[in-house]
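The values are calculated or read from the model by the stated rules, or taken from the named source; none is laboratory data. Model, not experiment: these values are computed from the prediction. Here the Cβ positions follow ideal geometry from the backbone for every residue, glycine too, while neighbour counts run over all protein chains shown. Just the protein is used for accessible areas: all its heavy atoms, side chains included, with ligands, DNA and RNA removed. Shrake-Rupley method; radii C 1.70, N 1.55, O 1.52, S 1.80 Å.
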Amino acid sequence: MRYHPHTPDDVRAMLDVIGAERVDELFRSIPQALRLDRPLDLPPAADEIALFSELRRLAARNETAHPPFAGAGCYPHHVPPVVDQLLLRGEFFTAYTPYQPEISQGTLQALFEWQTFVCLLTGMDVSNASMYDGATATAEAALMAGRITGRDKVVVSAALHPEYRKVLATYLRSTGDEIVTVPFGADGRTDLAALEQAVDGRTACVILGYPNFLGVVDALPEAAAIARKAGALTVSATAEAVSLGLLQSPGALGADVAVGTFQSFGNPMSFGGPAPGFLATREKSVRQMPGRVAGATVDKQGRRGFVLTLSTREQHIRREKATSNICTNSGLCALASTIHLSLLGKRGLAELARLNHGRARMLRDAMERAGCRPVYSGPFFNEQVFDVGDAEAVVARLAKRGIVAGAPLARWYPDAPHAKGALLCATTELHGPELIQLFAGAVRS
């Protein structure tokens with residue numbers, strides 16, 4: 001990274017070119033009442049040497065001795081060094097989908113491969129060239145379902161990631177669509193009786209986590225059957241995509257749209273982002289899919305090539321006919337996931353998924369021996385909730401030992417069973433047997 005600020009002379013020269021006297025004139029279209037009338041609350045500017053020194057100081061505060069036991073939608077996984085090495089190629093340094101196929105074949109092919117991997121893992125027919133993240137992909141799927149069905153009601157499981165539900169509510173606030181949230185049961189799965197009661201002729205879609213926020217593999221085929229009976233679509237949202245190497249695909253279980261994030265492939269946690277979102281669906285719904293598609297074709301000489309197609313967003317067509325107002329994607333993060341999945345292959349992904357599930361079973365056994373029982377009885381992948389007595393106290397105590405102990409569930413579900421003691425813990429291939437035993441023992445010490 002290099003830091004190149006503009007000098008006062010640079011600013012003056014740019015203003016002269018556009019015919020403006022002051023920088024303030026660039027904001028004339030913003031009402032005065034909405035403008036900030038004070039300087040931003042930021043530290044003073046620093047030169048490059050001072051800036052690097054400050055970044056090194058901040059980086060030194062990170063605890064890196066142990067991988068975190070916190071997941072909650074963002075998971076610690078090994079990223080092969082070759083991923084970052086290939087990302088260093090200068091032609092990939094953009095988040096944007098390229099528009100000039102003559103000079104962008106490599107990037108377009110990378111996006112085409114991304115779409116292929118998404119379809120293989122979700123069991124869907126077509127994928128777009130990535131979304132911002134799992135939360136916005138979920139909201140876009142709800143809007144897509146409304147366009148397809150002509151309905152204005154969305155039924156959401158309470159076990160869907162709470163932040164996904166917040167973004168969904170933000171999106172639908174302007175459309176006036178109704179959001180109905182159905183509870184989950186003692187097993188951590190969506191209450192199917194409540195779901196059946198909530199779904200009706202106004203329902204555009206049903207949205208479930210797969211696995212859900214509690215780490216439980218939800219009842220996706222049963223929920224899909226309920227939605228289908230009412231003429232609604234089913235949307236599955238997957239935050240831990242490694243699970244798709246072990247579980248049946250959402251498409252095979254009846255989902256109509258599969259969304260989520262591939263953060264687990266090639267992308268470090270990085271305090272929660274960035275990470276690429278995905279959205280895949282059935283071929284019959286492709287023209288209502290948001291974003292854009294990188295397609296394969298042939299040139300005049302019959303040689304294979306790649307181009308953008310079905311770019312039905314507001315930048316390309318009239319805003320009122322657009323399928324999405326998002327004008328970019330997570331191209332570099334999507335490329336990282338594509339490289340990682342290429343390295344794993346079908347067999348490697350399956351082995352990685354089995355390893356993750358095995359470590360989760362190892363943690364459950366160790367926690368039960370330590371007297372911390374699981375809160376939910378449903379099937380799980382690599383994340384689960386334990387009753388540890390006082391979750392916030394455990395997190396604070398283990399933080400002093402350099403261990404990120406998990407996510408206290410009461411922060412999102414204050415009324416959940418055993419809310420005070422409920423601790424959401426994730427294990428991956430990075431958590432070895434010794435660390436798992438250390439963690440279980442430290443929780444109760």
- All Cα pairs of region 49-154, percent lying beyond 17 Å: 75
- Note on the structure: With x for Gly and Pro, the residue-by-residue ³J(HN,Hα) of region 352-366, computed from phi through the Karplus equation 6.51 cos²θ - 1.76 cosθ + 1.60 at θ = phi - 60° and given in whole Hz, is 5, 5, 5, 5, 4, 5, x, 5, 5, 5, 4, 5, 4, 4, 5
- Item | Probe 1.4 Å, protein heavy atoms only - accessible area per residue of region 58-160 in square angstrom | 43
- Per principal axis, largest first, the Cα atoms of the chain extend in Å by 72, 56, 54
- Over region 208-289, with neighbouring protein chains present, the accessible area per residue in Å² at probe 1.4 Å is 30
- Query: Residue by residue through region 75-85, which ³J(HN,Hα) values in whole Hz follow from phi under the Karplus form 6.51 cos²θ - 1.76 cosθ + 1.60 (θ = phi - 60°), with glycine and proline marked x?
  - Reply: 10, x, 9, 6, 10, x, x, 5, 4, 5, 5
- Scan around V156 for amide H atoms under 5 Å from its own, H built in the peptide plane at 1.01 Å from N, and keep only partners 5 or more places away or cross-chain. V180, T181, V182, I207
- Message: Report for the chain the percent antiparallel among DSSP-assigned beta bridges with both residues inside it, nearest 5.
- Response: 55
- Length released on extending from R12 to S53, taking residue separation times 0.36 nm less the Cα-Cα span: 11.7 nm
- The answer for region 12-56, accessible area per residue at 1.4 Å probe in Å², is 93
- Using per-residue counts of other Cβ atoms within 10 Å, averaged over each peptide, order 207-214, 21-28, 358-365, 51-58 from highest down. 207-214, 358-365, 51-58, 21-28
- Note on the structure: HN-Hα couplings for region 177-189 via Karplus (6.51, -1.76, 1.60; θ = phi - 60°), in whole Hz with x for Gly/Pro, come out as 5, 8, 10, 10, 9, 9, x, 10, x, 5, 8, x, 9
- Note on the structure: Surpassing 32 Å at the alpha-carbon level, of the pairs K166/K346; K166/K321; K153/K284; K166/K229; K229/K321, are K166/K346
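State the percent of C-alpha pairs, over all pairs in region 111-165, separated by a distance greater than 15 angstrom.
Cα-Cα pairs of region 111-165 separated by over 15 Å account for 60 percent.
Using only helices, what value at 222 nm comes out for the chain when you add -39,500 (n - 2.57) per DSSP H run of length 4 or more and divide by the total residues, to the nearest 500 deg cm²/dmol?
Taken over the chain, the calculation gives -11000 deg cm²/dmol.
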- Query: Once amide H atoms are built 1.01 Å from N in the peptide plane, which residues 5 or more positions from G291, or in another chain, come under 5 Å H to H?
  - Reply: S324
- Query: By its C-alpha gyration tensor, with a ≥ b ≥ c as the square roots of the eigenvalues, how is region 141-183 shaped: rounded for a/c under 1.5, else prolate for a/b larger than b/c, else oblate?
  - Reply: prolate
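Per the Kirkwood treatment, what hydrodynamic radius in Å, one decimal, follows for region 262-392 from the mean inverse distance over all distinct Cα pairs?
Over region 262-392, the inverse of the mean reciprocal pair distance is 18.9 Å.
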- Item | Listed residues L349, S324, P162: farthest to the positive end of the dipole of the chain (Cβ charges) | L349
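Rounded to the nearest percent, how much of the accessible area of region 1-159 (1.4 Å probe, protein heavy atoms only) is carbon and sulfur?
On the way: 5820 of 9930 Å².
The C+S portion of the solvent-accessible surface of region 1-159 is 59 percent.
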